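Below: the structure, in structure tokens.
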Amino acid sequence: MDLGIAGRRAAVAAGSSGLGLGAAKALAAEGAAVVICGRDRDRLDAAVAEIGRGATGIVCDVGSAEGGAEFVAEAEAALGGPVDILVPNAGGPPPGTFASTPVDAYPAAIDLNLMSIVAMCKAAVPGMQDRGWGRVVAITSVSVRQPIPNIILSNTARAGATAFLKTLALEVADDGVTVNSVQPGMHDTPRLDGLFSEQQRSEMRIGDADDFGAVVAFLCGVQASYVTGLQLHVDGGSFGGLQ
């Protein structure tokens, strides 16, 4: 299926590994010009080589509002024009429970998984509105529907991001801009290795990051032009609710 996004300019945050890398690879395969960011130059270079197709890597930390805005600005400079496709994404905050997590740990988590997304959208979406076309597909977590034990910071911050993205979707729908979020369950990524033991992993249904990336790319395509405000869980059926 041709998604109709060849030549579009795409910025994928935290795209040097995991789900971000899967999304970047899928978008590049569809002919989009892709810029990714990460904090480590060596890992960025390896990811750019894996993506191929003229992808560019930018050293940038999107763990704050300032970092999110900086990434969009640097991506537009590298792409030679405004971003058409934005994939907000970031790593997760440290694990912990209500009892083990101090109050002063919450602001950094909110910066990482909420305010960075707000800032990326503030930097990219007005231009999309002006041009009458744009796609925002944020990578969040199925934990906003069904909280995952021992990651209270991520559960809390990503729930706020989901509310922000849904509100934004309603405000820009008439301008040709769609805003969706894709909510992964357990996928084979470095983040999963850091949260669960080998024994725990052996008992899970674990997804593939490239398959996840293909879902992100579809939501960026012309066929998804009437899909906005969606929170799509891609979790192998682990979410137990009806909605």
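Some values worked out for this structure:
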{"item": "Members of region 60-78 that are in a helix (DSSP H, G or I) and in contact with an Asp or Glu (Cβ under 6 Å, 6 or more places away or on another chain)", "result": "G67"}
{"item": "Residue identified as buried (at least 24 other Cβ atoms within 10 Å of the Cβ), not aliphatic (A, V, I, L, M) and not in a helix (DSSP H, G or I) among G15, G31", "result": "G15"}
{"item": "Close pairs from region 80-96: first closer than 27 Å to V144 by Cα and modelled with pLDDT of 95 or more, partner of a type in the set (K, R) and part of a strand (DSSP E or B), Cβ under 9 Å, at least 6 apart", "result": "D84/R9; D84/R135; I85/R9; I85/R135; L86/R135; V87/R135"}
{"item": "Residues satisfying the stated conditions in region 80-96, i.e. in a strand (DSSP E or B) and surrounded by fewer than 19 Cβ atoms within 10 Å (Cβ to Cβ)", "result": "G96"}
{"item": "Out of A163, A99, A77, A169, sole residue that is without any contact (Cβ under 8 Å) to a residue 40 or more places away in the chain, within 30 Å of G237 (Cβ to Cβ) and surrounded by fewer than 24 Cβ atoms within 10 Å (Cβ to Cβ)", "result": "A163"}
{"item": "Neighbours by Cβ (under 9 Å, 6+ apart or cross-chain): first from region 31-47, free of Cβ contacts under 8 Å to residues at least 40 places away in the same chain and β-branched (V, I, T); second in a loop (DSSP other than H, G, I, E, B) and crowded, with 22+ Cβ neighbours inside 10 Å", "result": "V34/G15; V34/A55; I36/A13; I36/A14; I36/G15; I36/S16; I36/A55"}
{"item": "Unique residue being under 13 Å from the mean Cα position of the chain (by Cα), over 17 Å from P190 (Cα atoms), surrounded by fewer than 23 Cβ atoms within 10 Å (Cβ to Cβ) and modelled with pLDDT of 95 or more when the list is V118, V59", "result": "V118"}
{"item": "Members of region 219-243 that are modelled with pLDDT of 95 or more, surrounded by 19 or more Cβ atoms within 10 Å (Cβ to Cβ) and either out of contact with any strand residue (DSSP E or B) (no Cβ under 6 Å at 6 or more places or on another chain) or not polar (S, T, N, Q) (or both)", "result": "L219, C220, G221"}
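The values are calculated or read from the model by the stated rules, or taken from the named source; none is laboratory data. Just so you know, these numbers come straight off a predicted model, no measurement behind them. Heads up, the Cβs are rebuilt from the backbone with ideal geometry, glycines too, and the neighbour counts pull from every protein chain shown.
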